[in-house]
1. Hey, among A:Val10, A:Val46, which residue is out of contact with any Phe, Trp or Tyr (no Cβ under 7 Å at 6 or more places or on another chain), in the same structural domain as A:Val85 (by TED's automatic domain parsing), over 23 Å from A:Val101 (Cβ atoms) and among the β-branched types (Val, Ile, Thr)?
2. Hey, does the stretch A:50-60 have a residue that's over 17 Å from A:Ile3 (Cα atoms) and either within 14 Å of chain B (Cβ to nearest Cβ) or more than 16 Å from ligand 2 (Cβ to nearest atom) (or both)?
3. Collect the residues in the stretch C:127-174 that are in a loop (DSSP other than H, G, I, E, B), of a type in the set (A, V, I, L, M, F, W, C) and within 14 Å of chain A (Cβ to nearest Cβ), keeping them in residue-number order.
4. Filter the stretch B:117-148 down to the residues that are more than 8 Å from chain A (Cβ to nearest Cβ) and on the phi > 0 side of the Ramachandran plot and list them by number.
5. All but one of (1) farther than 30 Å from C:Met221 by Cβ; (2) more than 10 Å from ligand 2 (Cβ to nearest atom); (3) not in a helix (DSSP H, G or I) hold for C:Gly117, so report the exception by its number.
6. Of all residues in the stretch B:257-303, how many are β-branched (Val, Ile, Thr) and either within 16 Å of ligand 2 (Cβ to nearest atom) or not in a helix (DSSP H, G or I) (or both)?
7. Of the conditions (1) over 19 Å from C:Ser165 (Cβ atoms); (2) in contact with a Leu (Cβ under 9 Å, 6 or more places away or on another chain); (3) hydrophobic (A, V, I, L, M, F, W, C); (4) in a strand (DSSP E or B), C:Val73 satisfies every one except a single condition; which number is it?
8. Which helices (runs of 4 or more DSSP H) sit wholly inside the stretch C:302-403 and have at least 2 residues that are without any contact (Cβ under 8 Å) to a residue 40 or more places away in the chain?
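The values are calculated or read from the model by the stated rules, or taken from the named source; none is laboratory data. These figures come from a predicted structure and were not determined experimentally. Cβ placement follows ideal geometry from the backbone for every residue including glycine, while neighbour counts extend to all protein chains displayed.
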Amino acid sequence: MDIVACYKWVLDEQDIKIVPGSLLLDTSRAKGKISDYDKNVIEEAVLQAEKDDTVTVTALTFGNAKAKQSLKDALSRGPVKGYWVNDAAADIADGFVTANVLTAALKKIGAYDLILFGEGSSDAYGQQVGPRVAALLGIPVVTFVTKLEISEGKVMAARKIGDCTEDVTVNLPAVITLLPEVCKPRIPGLKQVLGASKKPVQEFKLADLDLVAENTLPKNKIKSIQGYAMDRKNEIYTDGTVDEKVNTLIASLTKEGLL
Amino acid sequence: MNGIFVYSEDIAVTKQLLNIGRSLADVLQVNVTALALNETETDTAGLIACGAEKVIALSGSNPWVESYAESIAECIAKENPLLVLIGGTMRGKDVAARIAAWHSHGLVNSAMSIEVVERKLETKRMLYGGLAVCKEELSEGCIVTIDPRTYEEAAADPLRNGDVVACTAQSNDAVLVGGVCPIVRERADLANAEKIICVGRGLSSQSDMKLVEDLAEKIGAEIGCSRSIAEDYHWLPTESYIGLSGQKVKPQLYLSIGISGQVQHIVGARDARVIVAIDKNEKAPIFSAADYGIVGDLYEIVPKLIEKLGK
Amino acid sequence: MEDEKFDVIIVGAGPAGSACAYILAREGKSVLMIERGDTAGSKNVTGGRLYTYALELVESNLYKEAILERAVVREQIMMLSDKTGLTIDYFAGTNMEERMPQSYTILRAPFDEWFAGKAEEQGAMIAAGILVDELIEKDGKIVGVKAGGDEMYADLVIAADGVNSSMARQAGLKKEWNGHEVGIGVKEVIELDPETIQQRFNIGPDEGVARAILGGTDSVMGGGCLYTNKDTISLGVVLSPASLAAQKRSIADIYQDFKMHPAIYPLIKDGTTVEYSAHLVPENGWNSVPKKLYRDGFLMVGDAAGFVINTGTMIRGIDLAIVSGVAAARAVLKAAAPADVGQLYMKELNELQLISTMQLFAGWPQITGLPRMSSVYPDLANEMIGSLFYVDGKLPKRMDKSMLQILRKHVGIGQVLADAWKGFKAL
Ligand SMILES: Cc1cc2nc3c(=O)[nH]c(=O)nc-3n(C[C@H](O)[C@H](O)[C@H](O)COP(=O)(O)OP(=O)(O)OC[C@H]3O[C@@H](n4cnc5c(N)ncnc54)[C@H](O)[C@@H]3O)c2cc1C
Ligand SMILES: Cc1cc2nc3c(=O)[nH]c(=O)nc-3n(C[C@H](O)[C@H](O)[C@H](O)COP(=O)(O)OP(=O)(O)OC[C@H]3O[C@@H](n4cnc5c(N)ncnc54)[C@H](O)[C@@H]3O)c2cc1C
Ligand SMILES: Nc1ncnc2c1ncn2[C@@H]1O[C@H](COP(=O)(O)O)[C@@H](O)[C@H]1O
């Protein structure tokens, strides 16, 4: 049984600054990371493999040259092999392009029974790549899953959909998108980190994949990306006794007509 | 005719979509088609009153709405609309993404706004967890999901008329749905609350919720939380968490206790009139998002607040 | 996984560790470098300067690839009194090709990451995000390390884990630091656009300033430093913990006042702080370097060995860390048997003149440690120079008299002579 865990290499939003005096984003100091919830995706895949030794987990990412760093991190979390579609096109890819590229890569890889995605990536939070890939591959998808059990060519999954939970069953091959609650990602140990650098990574270029040009062009045109301007009073009481601080706050809230 | 197509599995949301859909259609001078799935005749007629020129009433026997994605996609293909609006519920997003893939169309999820600029459609949505706003010009046929309650329901005008076309839908039964268990709403709706107190991981144990409840009672507030409190600790139900993937709220007062204020959280409370934060870490990002704040230990500040408000 | 063994395990990917790993890997040794930060450099206090001679020892011309900020063309010493400041500015010329040795300002996070990356390119294995908990000892010999539940073995473990080296303590070669042996440093990186920096410091686009600052620390013993980077300024103070305790103020408060000093603030005005961090610095020079720097299967480099020189006008730790890393690597390469490495390491340290340099400056802590260095003398210097420029239309005092008067106001003549003698002896 082959599980492919898809993860995205993103900029750490905590390092992104809004340039003072303008709404421009400064990403120059931002480091990359595996998209927060995709760590849970890899973990869940690996937990499945740890329960059943016929399960093989690989990891798949589509990213630019910098995403190379991510493979070691991803593989130290347990997958036996990494697939990396290395292309600068990833920088401007939307859900449409990403899904097309991942689908082409999955077809090339060939071995997939279960493909796992995150609920949404921490940069774009496009919330679409998983179900899109399922649609393109013509296989079923179960979204927003919090629990997963594989047996005899089937997946039993618990979904959490706003106002209810659902238990569903689907035959493999299938796509599942996971909510982060599904599991807690591990912190890889020394041996796992060392082991990762010995694991194979297969690299593809877009040209290696069966893709027509128009499927690698984003659909919508981005007109602007602007920092969200937070216009707040920022009256923060740091000094003084608890009494004084609380009094000042109560006075301010009274003035606002809130008490 | 390339019009605007709206769909949600929740008819109340469909009516919200009709509000914005209708006004866009008026600017673009096109028609609106609404799709209703397994709704009563009165309800489908209601969609006409709310502004649709045409309603496609799909019916099928599978209660699982996601199973109709293919059928919905077919209806959309036939209409060949220039814009598809789908309700941004979880089920809506699931269906939207697959339709977008089948049709090779763009998809913008959770648009905050959509408008016509120089005869082109433009949306705004959050990026980087809410740190930034991205403005996009939509390609023709693009699907846009809009979260529930982003717009009010369209006002019903019983004098409007339009066609209702009934169709039988073919469900895809690849996914077998077993038990469905509704999550009982335990608390008042945060979306309409005037005052909200929000708790985060600064609270060291569930028993300390009492402290927060006492304060909430004093000032007449509802209680919300960060994602971790609901999803990792399960101290409060899912619908209590505020943020990017949780609730968006617009209270008069939002008061956070022990919440660091990561952008994905605060984005859900940015429409509050007044934001107040209590956190012991002076450098917590919550303070740059706050109007008023106290840097201090919540276990000292909150009891003092309760005491002083009680007098 | 089968138990593997490396030739060398290096704990810590600071400049000392990376220099050592680079050479060993290049020469074909199997090297594992373990760093607790998520990336090399992520835990390190940013800012500082690097003397390129040290990188030359690792590999000729390597510095040309390094992530450097600005070439230091102005060396400055600043003395602060309450409200005034006196700056001595030495312009060292701009032609970098002619100038040897050179030094550059650097930001540690990108520099360390680059350096560790270079070592990796040479074939060193790097495991980041892993904290080494313990040394593994067998029959009186250090044979490996433990991290989390994992054990890893090597012929030699090199402690490059910095000033608080828990490896050196566990090996029994170093005790906890005494208060007077370390300084506590805080440092801020303040963002400003490059043009503003160039204008404020009178430098060209790739040129930089290194400034040592005395005074302005509320009489707490220690000093400050300022470096101009490409689009940031590193500003910090390193203070004596004992003296801080006596003053009963936090280092953060003192730093805040220092930063707001009327002679400092205009330099950083309108800047945004992008980083704030605190760190220890070995302050006691040679006298605090442990008697023994190695034992069977183990040796220490860089800050872990206490290789820092602080003269008050200059702090050298990064270059000495690199030099000691080079020495350790050379020792490993030359050793016929693992047991020889320790002694060869000392020999290399001698040959690279690290030990003699440290010894030369051995007396300096006595000078920098003089309580008068951080307030009385800076005040004195300011007032003396200030008086030279003071014109109020009245009859000026005779210069020699007024100078003497100023001197007496601040400090007894006997004290000056005693301090001067102490300084002279120390040199
Ligand atoms: C794609 C994505 C979507 C997300 N969506 C959401 C979302 O919708 N909603 C959401 O909430 N999060 C969301 N998150 C998670 C979010 O990034 C944060 O991780 C989360 O909000 C942190 O919760 P917290 O503030 O309770 O915890 P922490 O970040 O751990 O903060 C705890 C705070 O408590 C303070 N504290 C501790 N002890 C005390 C004390 N005694 N007194 C006072 N203060 C104290 C600490 O200083 C700290 O600031 C999302 C993340 C991603 C990647
Ligand atoms: C405020 C300040 C200003 C300074 N200015 C200058 C200057 O201008 N010029 C100069 O030359 N020097 C300066 N120094 C001194 C210089 O920073 C140090 O001497 C130098 O960094 C020493 O390098 P190192 O490789 O020995 O140790 P470090 O750079 O401290 O590196 C040690 C590494 O080991 C890692 N580590 C520690 N413990 C473990 C563990 N158990 N497991 C895994 N990893 C571990 C750490 O994360 C770190 O990355 C300054 C120091 C301070 C504090
Ligand atoms: N470039 C990518 N490479 C691999 N997987 C991706 C990529 N982008 C998105 N994904 C996967 O799709 C999920 C949803 O992403 P998104 O639709 O962008 O919110 C993520 O959690 C990942 O599992």
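1. Values: A:Val10 fails: over 23 Å from A:Val101 (Cβ atoms).
After applying the criteria, what remains is A:Val46.
2. No; the residues of the stretch A:50-60 include none that is over 17 Å from A:Ile3 (Cα atoms) and either within 14 Å of chain B (Cβ to nearest Cβ) or more than 16 Å from ligand 2 (Cβ to nearest atom) (or both).
3. Within the stretch C:127-174, C:Ile130, C:Leu131, C:Val132 qualify.
4. Selection gives B:Glu118, B:Arg119, B:Gly141.
5. For C:Gly117, the failing item is (3).
6. Step one: filter the stretch B:257-303 for residues β-branched (Val, Ile, Thr), giving B:257, B:259, B:263, B:266-267, B:274-276, B:278, B:286, B:294-295, B:301-302.
Filter once more, keeping what is either within 16 Å of ligand 2 (Cβ to nearest atom) or not in a helix (DSSP H, G or I) (or both): B:257, B:259, B:267, B:274-276, B:278, B:294-295.
Looking only at that region, the number is 9.
7. Among (1) over 19 Å from C:Ser165 (Cβ atoms); (2) in contact with a Leu (Cβ under 9 Å, 6 or more places away or on another chain); (3) hydrophobic (A, V, I, L, M, F, W, C); (4) in a strand (DSSP E or B), the lone unmet condition for C:Val73 is (2).
8. Counting at least 2 such residues, we get C:318-334, C:341-351, C:354-360, C:376-388.
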